[in-house]
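Inspection log for the structure reproduced underneath, given as structure tokens.
The values are calculated or read from the model by the stated rules, or taken from the named source; none is laboratory data. Because the structure is a prediction, the values reported are computed rather than measured. Virtual Cβ from ideal backbone geometry, glycine too; neighbours counted across all protein chains shown. Side chains are part of the model used for accessible areas, which takes the heavy atoms of the whole protein and leaves out ligands, DNA and RNA. Shrake-Rupley method; radii C 1.70, N 1.55, O 1.52, S 1.80 Å.
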Amino acid sequence: MHYNQTKFLKSAQKLSQIPSESKIEIAFAGRSNAGKSSAINKITNISGLAKTSKTPGRTQLLNYFQVSEDRFLVDLPGYGYAKVAHTVQKEWEKTLTAYIETRQQLRGIVLIMDIRHPLTQHDQNMLAWVTNHNIPVHILLSKADKLNRGPAMSTLLAVRKALLPYADLVTVQLFSALKGTGVDDARYKLDAWFASDSV
Ligand code: GDP
């Protein structure tokens, strides 16, 4: 796929607003500040595509990026970003739950975790939940440039080991938006998911 042709299409607040032309989509998730926007920008090679600063109005939505006619990347709101009213948060959680549990077009989730703080409780809840719904997850251990190669590799191995119970559904790699580490591997994974049969 030519990720550098990707365009922001729309923000969907409700499932009814999801682009009808979508046949396969891949969602990006992760704790706020983990490096999700930077990863999307780096993978597509379009700086500023997913806003790294928190764009008001885009944080509570499913942001749809069109890679090709019927292939989409979906930027999910960063979890742990509590600057919204409780009622809005609850409403949003319902939408997100419905999205993940019912969206046939969702072929995989890219989960971004800061390599210095991998597998937070929320990450673990997310992994247990989505794998329980048989959705594959590819983890980017982001900001890998923040660690030397030795510690980065041992973190990678430790995370892989911790995720052995999910081995069929979960893969893990090192990633640095700053240095470009792992960008090709991430694209390779997206290519494979996008190449699967559409619904
Ligand atoms: P998001 O909230 O998950 O979308 O995170 P952002 O992409 O906005 O990144 C959060 C912060 O981490 C920003 O200050 C980024 O510049 C920084 N950051 C993101 N990726 C990297 C990386 O690969 N290396 C380093 N050193 N910093 C990064």
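Results, tabulated for the structure shown:
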{"read-out": "Peptide ranges 3-11, 138-146, 101-109 listed from the most packed, as the mean C-beta count within 10 angstrom indicates", "value": "138-146, 101-109, 3-11"}
{"read-out": "Degrees, to the nearest 10: 86-102 long Cα axis against longest axis of the chain", "value": "80 degrees"}
{"read-out": "Förster radius 30 Å - calculated FRET efficiency between N132 and K10, Cβ distance, rounded to 0.05", "value": "0.55"}
{"read-out": "Between 0 and 90°, nearest 10: helix 183-194 axis offset from the chain longest Cα axis", "value": "40 degrees"}
{"read-out": "The chain, accessible area per residue, ligands and nucleic acids excluded (1.4 Å, Å²)", "value": "50 Å²"}
{"read-out": "Surface/4 of the Cα convex hull for the chain, nm²", "value": "10.3 nm²"}
{"read-out": "MRE, 222 nm, helices only [DSSP H, n ≥ 4, -39500 (n - 2.57), over the chain, to nearest 500]", "value": "-10000 deg cm²/dmol"}
{"read-out": "Proximal lysines to K146, defined as alpha-carbon separation beneath 24 angstrom and excluding residues fewer than eight positions away on the same chain", "value": "K36, K42, K51, K54, K161, K179, K189"}
{"read-out": "Theoretical gain in end-to-end length, T171 to T120 [0.36 nm per residue, Cα-Cα removed]", "value": "16.7 nm"}
{"read-out": "Segments 67-73, 92-98, 125-131 sorted - mean Cβ within 10 Å per residue, highest first", "value": "67-73, 125-131, 92-98"}
{"read-out": "Mean separation of Cα contacts under 8 Å, 6 or more apart, over the residue count of the chain: relative contact order %", "value": "25 percent"}
